[in-house]
Amino acid sequence: MSEHFSFIELVDSKSHPELVSQNMVDAKGYEKQLKYTAGTLEEIRAILCVPMKITSGFRNSALNKAVGGSPTSGHTKGLCADFIHIGLDVDVAYDLIMMNKTRCPSLKKCIYESVKGAKWLHIETKTEANQPTQFFTTTNGKTYTEIKA
């Protein structure tokens, strides 16, 4: 998909390996969107200067339901990814992305998720160039607080 992010990374599921084969088949219909998402991840990686591990990318309806995702999740459209950073605290990564948002022209949303003791970042890719970039936090994955950058 891009220099640092493969198709497999963007469709894999460690929590539900039994659903990965069908998820890969279904993801083929969203390759264009997955390339956009990989491009957004590359912009973020350039800011953070550390490797990133994708923990969730494209999800077909079965995988999305299995992980408790929203039926309207951007993951089901290939436009979102969740990730952690190798060797960088999530708080620091979130702040760096906010401070350098102009270097991420394709970033639509960045959400700092801190749920049940786990922390990660969720991003959504723009589908139109004029969409604003927004930042949010959540502690339950259901309600979000916007952070003005």
- Note on the structure: Of the residues in the range 88-134, those that are surrounded by fewer than 18 Cβ atoms within 10 Å (Cβ to Cβ), of a type in the set (Gly, Ala, Ser) and either at negative phi or touching a Ser or Thr at 6+ places or on another chain (Cβ under 8 Å) (or both) come to SER114, ALA118, ALA129
- Message: When you check ALA27 against the structure, is it over 21 Å from THR102 (Cα atoms), buried (at least 17 other Cβ atoms within 10 Å of the Cβ) and in contact with a Phe, Trp or Tyr (Cβ under 6 Å, 6 or more places away or on another chain), yes or no?
- Response: yes
- Message: Please go through the range 40-62 and give me each residue that is under 20 Å from GLU113 (Cα atoms) and of a type in the set (Ser, Thr, Tyr), ordered by number.
- Response: THR40, THR55, SER56
- Only residues in the range 42-54 that are under 16 Å from ALA81 (Cα atoms) count as the first member; pair them with residues that are of a type in the set (S, T, N, Q) and part of a helix (DSSP H, G or I), Cβ under 7 angstrom, at least 6 apart or cross-chain, and list the lot. none
- Message: I'd like the full set of residues that are crowded, with 17+ Cβ neighbours inside 10 Å and within 14 Å of VAL11 (Cβ to Cβ), limited to the range 42-74.
- Response: ILE54, THR55, SER56, GLY57, PHE58, ARG59, ASN60, LEU63, ASN64
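Quick grid of which residues meet (1) within 28 Å of PRO17 (Cβ to Cβ); (2) in contact (Cβ under 8 Å) with a residue 40 or more places away in the chain; (3) among the small types (Gly, Ala, Ser):
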site: VAL67; (1), (2), (3): yes, yes, no
site: THR72; (1), (2), (3): yes, no, no
site: LEU79; (1), (2), (3): yes, yes, no
site: ASP89; (1), (2), (3): no, no, no
site: THR102; (1), (2), (3): no, no, no
site: GLU113; (1), (2), (3): yes, no, no
site: LYS119; (1), (2), (3): yes, no, no
- Got at least one residue in the range 136-145 being more than 14 Å from the chain's Cα centre (by Cα) and under 23 Å from LYS32 (Cα atoms)? no
- If a residue has to be outside any strand (DSSP E or B), at negative phi and either of a type outside the set (D, E, K, R) or in contact (Cβ under 8 Å) with a residue 24 or more places away in the chain (or both) to count, how many in the range 135-149 make the cut? 5
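Coordinate-derived values only; no laboratory data. If you're wondering where the values come from, they're calculated on a predicted model, not measured in any experiment. Please note: Cβ atoms are built from the backbone with ideal geometry, for glycine as well, and neighbour counts cover all protein chains shown.
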